[in-house]
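The values are calculated or read from the model by the stated rules, or taken from the named source; none is laboratory data. Predicted model, so just to flag it, every value in this text is computed and none were measured. So basically every Cβ, Gly included, is an ideal-geometry build from the backbone, and we count neighbours across all protein chains shown.
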Amino acid sequence: MTLYHYLILSAILFVIGMYGLLTRRNAVGVLMSIELMFNAANINFVAFSKFITPNEFIGQIFSIFVITIAAAEAAVGLAIVLLIYRNYKGIEVDNINFMKW
Amino acid sequence: MLPYSWLIPALPLLSFVLIVFFLIRSNKASSYTSIAAILGSLALSVAVLAEVLGNPQPQEFAINWIFMESFKLPMVMYIDPLTAVMVVMVSLVASLIQIYSLGYMHGDPRFARYYAYMSLFAFSMLGLVVAGSFFTMFIFWELVGLTSYLLIGFWFEKKIASDAGKKAFITTKIGDFGFLIGLLVMFFAAGTLNMAEIFDKVHHHEIALGTITAAGLLMFCGAIGKSAQFPLHVWLPDAMEGPTPVSALIHAATMVAAGVYLTARLMPLVITSHTMAMVVAIIGAFTALMAASIGLVQNDIKRVLAYSTISQLGYMILALGMGGYTAGTFHLMTHACFKALLFLGAGSVIHAVHTNDIQEMGGLGRKMKTTAATFFIASFSIAGIFPLSGFWSKDEIFAVAWEGGHYILLVVAVLAAFMTAFYMFRLCFMVFTGKPRDQEKYDHARESPKNMTIPLVILAFLSITVGWVGIPWLKHGYGSFVFFEHPHHVAPNYILMVISTIVALSGIYLAYLMYYKGSISPVKMAERFKRIYRVLFNKYYFDELYMATIIEPTYRLTEKLYKFDLGVIDWLVNFFGDFTVFLSWIQERFDTYVVDGAVNGLGYTIRAFGGGLRRIQTGQLQNYAFVIFLGLVVFILLRFL
Amino acid sequence: MDFPILTYMTFIPLLGMIVVMFTRKESVQLIRWESAFFSFIPLVLSIVMLAKYNGSVPDFQFIEQHEWIPSIGISYFMGADGISVPMLFLTALLSFVSIVASFNIQERVKEYFAFFLLLETGMMGVFCALDFFLFYVFWEVMLVPMYFLIGVWGGPRKEYAAIKFFLYTLFGSVFMLVGILVLYFAVEPHTLNMLTLIEYNSTYTHAFQIVLFPLFFIAFAIKVPMWPFHTWLPDAHVEAPTAVSVILAGILLKMGLYGLLRIGYPMFPEAAVYYAIPIGVIAVIGIVYGALVSMAQKDLKKLVAYSSVSHMGFCVLGLAALSVTGFAGCVFQMFSHGCLTGAMFLLVGILYDRAHTREIAAFGGLGVKLPLYTGIFTLFAMGSLGLPGLSGFVSEFMIFIGAFGSSFVPTWMVVLAVLGVVLTAGYILRMVQRIFLGPFNTKWEGLTEINGREIFTLVPLGILTILVGVYPKPLVDIISATLENLIRVMGM
């Protein structure tokens, strides 16, 4: 188990998250994809911390921050989605283009 | 007394003001005010005359009127024997005529206004007479012109009357054109317009002879206009459209004599400048003859008298031109009496028969005894029959011509005297004797009321006696009172007296034959000298001539100039405006298509770009995210490549 | 520093305008009386000024001087001398008379009187101002209300007339503005104080004068109006309402002459001499031409308008004479023409109000029906034909004397000018005859006689006309010292 294995895992996770972000039509799906990308980043933090500075826990602390932020983000995001659902009777992101010029 | 002589004109002025502002609605009050004022003036005039008779030294009184450092123009009053005689004459005749008018104008709707005008006239005329500078005189000169205008056109509903008023005003104004320029010339030659100072300067040869002639002749133009001398005589016959008392007062006795008075005042200039004297004398002589010849054939009683007036004024001018100061002014005085009488007599006749045409009269002597008698007296007087006034004054003029050696002028004067006697008695015989030509008018005729006949009688008395002050045998007569430089004493010239009497009598006799006895038929005479008759009857075509050469062309010129004003000057202005509008139109096009085009074009281009670019903004978050991702990939690739 | 009478005279009408603007539009009667009141105060003040003016010294009096824009030498500088005092009085009088005569205006009363009061301020200011900037401001201020007064309350062709008037005058004043600027920059010290500029007139070179003078001359000639710049006048007069015609003829025309007397001549004396003959020619053409064209008129108001051209020609001739007498005649004629023509326009308006026509040929014999009106009309008509005893004669005679004695004006010009008097008699008498004399035209049976208010407007003018004509001494006393001094300043 070298650092590369972790990195490859995280890269795969990130790309899956990215793909989901770009392709999902459902807003909840999009949020979930973002969550995946957060986790890919967390893996990277922890992995680098473990292999490069084993005596310090900086990476781990960062991951905890990211998880917190992600939780907050999910809450806000879901609240927005809920409101959009109420106002537009659906959460298809294609329809949520009212911010264009 | 003399310093208060200004009261003489002031009284009628006061009456004028009172009538215009307060009494205009009351006929009685206004006429009495006016008559009271003129009688007051008469009394003052007599007092002045009495004082001047005692001390004939001329006196001058002046007040500042315009007073600047570099220009002074005073109002001056000048009293000398001539003034004294004139004020008495004017106020006397004016009083009599105003009294006469009480009857003549009775019942006229503008009776009060008539008396207002009469007062204004008396004021102006008396002012003219006492004026002591030519400028002051000019002011009153114009004012009498105004009153003449107002009174000729008194019955202005008649177009012919208002035309006559206008004609009189403008014709005399043409004369005044010369007068005014003469004043200017004189003012700069002598530095003053005061008579006394000018005479002094002329006397001491301080003014060049040419200037004297020029100024004198120019000022004489005013006299030509006012005294209806050739060539400006045309207005006076037309002026007979005014009420008859007006004709008597203004257009026979006083105002028209103002020209003669002015010429008399110009005497020092006439004496100095031979040219001027000659021009004055010739104009006078020509006018006397011409007007008398026209008078021979006219049928309107007042017009005959008008031509007679012109002719007699010519006489006076002639006398003055020959240096006969005493003779001219003497004739002026006697003429005022008998001509006023003639006009008032004519007025009395017109009042009775309501026509001016002598061909509709006849035999009126039987009905209007006083009128006829006084009219005959006046006619004898004007014809120059011994011992009436006219005889003495006319004789004086002949004597001047004789003494001066002006034999041609003497012949002209004698000829005119013959004609005068003839046409006056033609008038008398046709009006007062023979059978009535218009029975209906004759039946209605009756003698005029007392307030008309009494002035006639007084004037008849004066027509007989006034001339006696100038009887040559008298030691202290008119000639030793009113004279220029030296007392004027002409030895009685019996030859001339006889000649003039014969001439007058033959004129009367001819008229008697033609119009009383009928032994010479006037109709046949007219046939015989048809051409001359027609020329005379049409007054030498002066009116037509002036109409064709002056009045019509002036009107045409005014029309042309107005067209020029609209068509050229205003056209240019409008063209300038339109051209500017056109330029601005071009400017506007340029602005719209070029300047604005450029600005808008830039806007359009940018907008078009924006329109294209905005399509990128889809609003789809996923698109944005994709682009970010793609960009990231590209950057990474670029990093490694 | 005593009571600033000139400022009060100038700005009280402005105050009046503000008051009128704050009055309800519907209370027409109140607006009328307010306007009359606010134009009456300057009249009273001007009479006080006449009484207090000391005619024996040529200096400016009632002077007020305050710094305004000191950086470029502009000050609020007002004063009056013998030329402006009579004009100020005339302005105050005619404004008051016109406002009273305007009581019969029915439409948009509030705006009308507001503009009228503004106009009065402008006119007063022009005659008081001694600073070029101030002068120019007032000069232009006057134009705007005039434009609206003609353009809104005028006759059928009012827009044309108003625009013609406005543009013509503006065209002229642009020249003046250029002239003012040139003077400012060319003269040391840089100042817009007229009196200083006059004081330095000897330092201006000949060439400078003869170039600069025409700039001012054109501005003033248009205002006078001199031939051939006169064609705006008949149009403006015919279209303008009566009271505006009165002001136009009575005051505005005088401003051109006032400008020449105050600015043109004293600042450029050499140019005045240089151009004396051309100016004289223009004057004489104006006199004769104006008189002849008047004779051809069928519209009564146009006739009076053209007669103004002729009468102004006399003024210009007096100026060209370059002598005290000529100048005095000019000022007299300005004053007299203001009274006479003002009254003539009032009279024409009175007739028009009743008959709704001004066609001379349509009348006839009105003397029977309207004796009082006829009498008053004849009085003023005689005044304008120069009858002695009325003001026109005095002024014309002085002009003739001045011009005849002047070495700058040839004699033939004077002769032609005197001929103009004969022509004037011609057209005036013809007009009087065709309207008032002759058989009565029964069409006018319904005409009513002149009423009390109208007589009230004419009486002061009549009194002045007669007073000046009979006894000119008071006016002479006011103007003579100033004019003598003017000639001295010009170095004659």
Legend entry - Extreme residue, farthest from the other protein chains (Cβ to nearest Cβ), among residues of region B:42-98 that are within 30 Å of C:PRO474 (Cα to Cα) and hydroxyl-bearing (Ser, Thr, Tyr): B:TYR78
Legend entry - Residues of region C:442-492 classified as within 11 Å of another protein chain (Cβ to nearest Cβ), in contact (Cβ under 8 Å) with a residue 12 or more places away in the chain and of a type in the set (Phe, Trp, Tyr), total: 0
Legend entry - Pick from region B:542-564, criterion within 21 Å of the chain's Cα centre (by Cα) and not β-branched (Val, Ile, Thr), ranking: farthest from B:TYR307 (Cα to Cα): B:MET547
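Yes or no: C:ALA403 surrounded by 24 or more Cβ atoms within 10 Å (Cβ to Cβ) and either at pLDDT below 90 or within 30 Å of B:ALA214 (Cα to Cα) (or both)?
Working: surrounded by 24 or more Cβ atoms within 10 Å (Cβ to Cβ): yes; either at pLDDT below 90 or within 30 Å of B:ALA214 (Cα to Cα) (or both): yes.
So C:ALA403 fits the description; yes.
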Inset, instruction - Among what's in region B:434-483 and is part of a loop (DSSP other than H, G, I, E, B) and aromatic (Phe, Trp, Tyr), pick the residue that is nearest to B:ILE397 (Cα to Cα). - result: B:PHE483
Legend entry - Unique residue being within 26 Å of B:MET419 (Cα to Cα) and at pLDDT below 90 when the list is B:ALA291, B:ALA285, B:ALA239, B:ALA281: B:ALA239
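How many of the residues in region C:299-334 are under 22 Å from B:ILE550 (Cβ atoms) and either more than 10 Å from chain B (Cβ to nearest Cβ) or touching a strand residue (DSSP E or B) at 6+ places or on another chain (Cβ under 8 Å) (or both)? Reasoning before the result, please.
Going through region C:299-334, the residues under 22 Å from B:ILE550 (Cβ atoms) turn out to be C:303, C:306-307, C:310.
Of the ones still in play, those that are also either more than 10 Å from chain B (Cβ to nearest Cβ) or touching a strand residue (DSSP E or B) at 6+ places or on another chain (Cβ under 8 Å) (or both) are C:303, C:307, C:310.
So the count comes out to 3.
Confirm whether B:ASP176 is of a type in the set (Asp, Glu) and either crowded, with 22+ Cβ neighbours inside 10 Å or under 16 Å from B:VAL279 (Cβ atoms) (or both). Show your work before the answer.
On the way: of a type in the set (Asp, Glu): yes; either crowded, with 22+ Cβ neighbours inside 10 Å or under 16 Å from B:VAL279 (Cβ atoms) (or both): yes.
So B:ASP176 fits the description; yes.
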Inset, instruction - State whether one or more residues within region C:281-296 are of a type outside the set (Lys, Arg), buried (at least 24 other Cβ atoms within 10 Å of the Cβ), in contact with a Phe, Trp or Tyr (Cβ under 8 Å, 6 or more places away or on another chain) and more than 14 Å from chain B (Cβ to nearest Cβ). - result: yes
Inset, instruction - Looking at (1) more than 14 Å from chain B (Cβ to nearest Cβ); (2) in contact with a Gly (Cβ under 6 Å, 6 or more places away or on another chain), find the lone condition where A:SER10 falls short. - result: (2)
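If you check B:SER124 against the conditions, is it in a helix (DSSP H, G or I), within 11 Å of another protein chain (Cβ to nearest Cβ) and in contact (Cβ under 8 Å) with a residue 24 or more places away in the chain? Don't jump to the end; show me each part of the working.
Working: in a helix (DSSP H, G or I): yes; within 11 Å of another protein chain (Cβ to nearest Cβ): yes; in contact (Cβ under 8 Å) with a residue 24 or more places away in the chain: yes.
So B:SER124 fits the description; yes.
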Legend entry - Residue list for region A:84-101, restricted to those being more than 14 Å from chain B (Cβ to nearest Cβ) and outside any helix (DSSP H, G or I): A:LYS89, A:GLY90
Inset, instruction - Tell me, please, whether a residue that is under 25 Å from C:ALA320 (Cβ atoms), away from every other protein chain (no Cβ under 11 Å), in a loop (DSSP other than H, G, I, E, B) and not hydrophobic (A, V, I, L, M, F, W, C) can be found in region C:409-428. - result: yes
Inset, instruction - Can you run down the residue pairs with Cβ atoms below 7 Å, 6 or more apart or on separate chains, where the first is in region B:600-619 and under 30 Å from A:ASN95 (Cβ atoms) and the partner is surrounded by fewer than 10 Cβ atoms within 10 Å (Cβ to Cβ)? - result: B:GLY619/A:PHE98
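Considering only region C:197-205, I want to know if a residue exists there that is in contact (Cβ under 8 Å) with a residue 12 or more places away in the chain, touching a Phe, Trp or Tyr at 6+ places or on another chain (Cβ under 9 Å) and surrounded by fewer than 16 Cβ atoms within 10 Å (Cβ to Cβ). Break it down into steps so the answer makes sense when it comes.
Initially, region C:197-205 is screened for residues in contact (Cβ under 8 Å) with a residue 12 or more places away in the chain, giving C:197-198, C:200-204.
This time we only want the ones that are touching a Phe, Trp or Tyr at 6+ places or on another chain (Cβ under 9 Å), so: C:197, C:201, C:204.
Those left that are additionally surrounded by fewer than 16 Cβ atoms within 10 Å (Cβ to Cβ): none.
Checked region C:197-205: no residue is in contact (Cβ under 8 Å) with a residue 12 or more places away in the chain, touching a Phe, Trp or Tyr at 6+ places or on another chain (Cβ under 9 Å) and surrounded by fewer than 16 Cβ atoms within 10 Å (Cβ to Cβ).
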Inset, instruction - Would you check which residues across region B:57-96 are surrounded by fewer than 22 Cβ atoms within 10 Å (Cβ to Cβ), over 18 Å from B:ILE8 (Cβ atoms) and in contact (Cβ under 8 Å) with a residue 60 or more places away in the chain and list them? - result: B:PRO74
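What helices (runs of 4 or more DSSP H), lying completely within region B:164-279, carry at least 1 residues that are more than 14 Å from chain C (Cβ to nearest Cβ), within 30 Å of C:PRO410 (Cβ to Cβ) and not charged (D, E, K, R)? So that I can check it myself, show each step before the final result.
Details: elements: B:195-203, B:209-226, B:235-238, B:244-248, B:257-265, B:267-272.
Ranges flagged: B:195-203, B:209-226, B:257-265, B:267-272.
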Legend entry - Residue among A:VAL81, A:VAL46 that is at pLDDT 85 or above, within 14 Å of chain B (Cβ to nearest Cβ) and in a helix (DSSP H, G or I): A:VAL81
Legend entry - Qualifying residue in region A:64-73 (condition: touching a residue at least 12 places away in the same chain (Cβ under 8 Å), within 14 Å of chain B (Cβ to nearest Cβ) and over 26 Å from B:LEU630 (Cα atoms)): no
Legend entry - Failed criterion for B:THR605 (all others in (1) within 14 Å of another protein chain (Cβ to nearest Cβ); (2) of a type in the set (S, T, N, Q); (3) loosely packed, with under 11 Cβ neighbours inside 10 Å hold): (1)
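Could you identify the single residue in C:SER75, C:SER71, C:SER173 that is surrounded by 19 or more Cβ atoms within 10 Å (Cβ to Cβ) and assigned to a helix (DSSP H, G or I)?
Details: C:SER75 fails: assigned to a helix (DSSP H, G or I); C:SER71 fails: surrounded by 19 or more Cβ atoms within 10 Å (Cβ to Cβ).
On inspection, the qualifying residue turns out to be C:SER173.
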Inset, instruction - Please state which one of C:THR196, C:THR203 is more than 14 Å from every other protein chain (Cβ to nearest Cβ) and either among the acidic types (Asp, Glu) or touching an Asp or Glu at 6+ places or on another chain (Cβ under 9 Å) (or both). - result: C:THR203
Inset, instruction - Return the only residue of B:ASN538, B:ASN574, B:ASN600 being within 14 Å of chain C (Cβ to nearest Cβ) and either closer than 30 Å to B:ILE294 by Cβ or not acidic (Asp, Glu) (or both). - result: B:ASN574
Legend entry - Enumeration of residues in region C:128-137 that are within 17 Å of C:LEU261 (Cβ to Cβ), assigned to a helix (DSSP H, G or I) and either in contact with a Lys or Arg (Cβ under 9 Å, 6 or more places away or on another chain) or without any contact (Cβ under 8 Å) to a residue 40 or more places away in the chain (or both): C:PHE135
Legend entry - region B:524-565, subset part of a helix (DSSP H, G or I) and among the polar types (S, T, N, Q), residue surrounded by the fewest Cβ atoms within 10 Å (Cβ to Cβ): B:THR549
Inset, instruction - Take region B:141-158 and flag every residue that is facing chain C (nearest Cβ under 10 Å), touching a residue at least 60 places away in the same chain (Cβ under 8 Å) and within 18 Å of B:VAL260 (Cα to Cα). - result: B:TRP141, B:GLY145
Legend entry - Matching residues in region C:429-440 - criterion: being more than 29 Å from C:ILE401 (Cα to Cα) and at the interface with chain B (Cβ under 7 Å from one of its Cβ atoms): C:GLN433, C:LEU437, C:GLY438, C:PRO439, C:PHE440
Inset, instruction - Working carefully through the options C:PHE377, C:PHE397, find the one that is in contact with a Gly (Cβ under 9 Å, 6 or more places away or on another chain) and hydrophobic (A, V, I, L, M, F, W, C). - result: C:PHE397
